[in-house]
1. Restricting to Cα pairs below 8 Å that are 6+ residues apart, what does the relative contact order work out to for the range 115-168? Please round to a whole percent.
2. Please give me the summed charge of the neighbours of A56: other residues whose Cβ is under 14 Å from its Cβ, Lys and Arg +1, Asp and Glu -1.
3. Using only the alpha-carbon atoms, how far is helix 121-133 inclined from the longest principal axis of the chain? Give it as 0 to 90 degrees, nearest 10.
4. From the residues F54, G17, V101, which one has its Cα farthest along the dipole of the chain in the positive direction, the dipole being from +1 and -1 charges on Cβ of Lys/Arg and Asp/Glu about the Cα centre?
5. Just need the relative contact order of the range 1-113 here, percent rounded to a whole number, with Cα pairs under 8 Å and 6+ apart.
6. Can you tell which of A153, A99, A11 shows the greatest fluctuation in a Gaussian network model of the chain with Cα springs below 10 Å?
7. If we count other beta carbons within 10 Å of each Cβ, what is the order of Y86, Y36, fewest first?
8. Might you report the magnitude of the Cβ-based charge dipole of the range 1-113 about its Cα centre, with Lys and Arg at +1 and Asp and Glu at -1, to the nearest 20 debye?
Amino acid sequence: MRDQRPPIASAALAPRGATGLTQPLIVWENKPEQKYDVWILPPEGNQTEAPALFTAKNVRSPLAFADLQPTDAAEGQKELQPGKPYRLLVCFATLGRLAGVTVPFETTAEAAGQIHVPSEMSAVLLKARRLIESGKPGDALMVLSTLPESERAAGAAQAVEEEARKKLPMADSVPRG
């Protein structure tokens, strides 16, 4: 008997764990030519039935928070609320909510706005290191994801990205449908 489950997209990288942003940059690893659907969910309920708060369809990483659409469940909110838990779900486009793994994250009590990225590479790396040290490795990956691919592949940036990835909290291991 063949398994009828859809293929599962890899778990999102950011936000994950704690974020200091109410409009975080959404980051995951893109497959070539693949589009994705993204949902921000409340902390409770299974991933297929929980009412989505924000959604985006047929997109690629990184995804600006402004490109997510609030749903009726967001109750008029245009951004995430400080000090609240959420879940992020990234799935292959058009395959539904079982085609991905939820990633829990929480906005810190002082969370505000979107990521501000310095223009100099050395300042980007310094900011990413400070975010890792402050317990926000997902936010560090947001900053690093804004670098051009050639700079991101450079040794120093790769080392900081590896450090951030090692400190990411775990995602759910299987879809909860």
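What follows draws every value from the coordinates through simple rules; no lab data is involved. Only a predicted model underlies this, so the values are computations on that prediction, with no experimental measurement involved. Cβ sites come from the backbone with ideal geometry, for glycine too, and all protein chains shown count toward neighbours.
1. Numbers: 52 pairs, mean separation 20.1, N = 54.
Taking the mean separation of contacting Cα pairs over the length of the range 115-168, I get 37 percent.
2. On the way: positive: K35, K57, R60, R97; negative: D37, D67.
The answer is +2.
3. 60 degrees
4. V101
5. On the way: 274 pairs, mean separation 42.7, N = 113.
Relative contact order comes out at 38 percent.
6. A153
7. Details: Y86 21, Y36 26.
By the 10 Å Cβ count, ascending, the order reads Y86, Y36.
8. Details: 11 positive and 12 negative charges, 75 e Å.
Dipole about the Cα centre, nearest 20: 360 debye.
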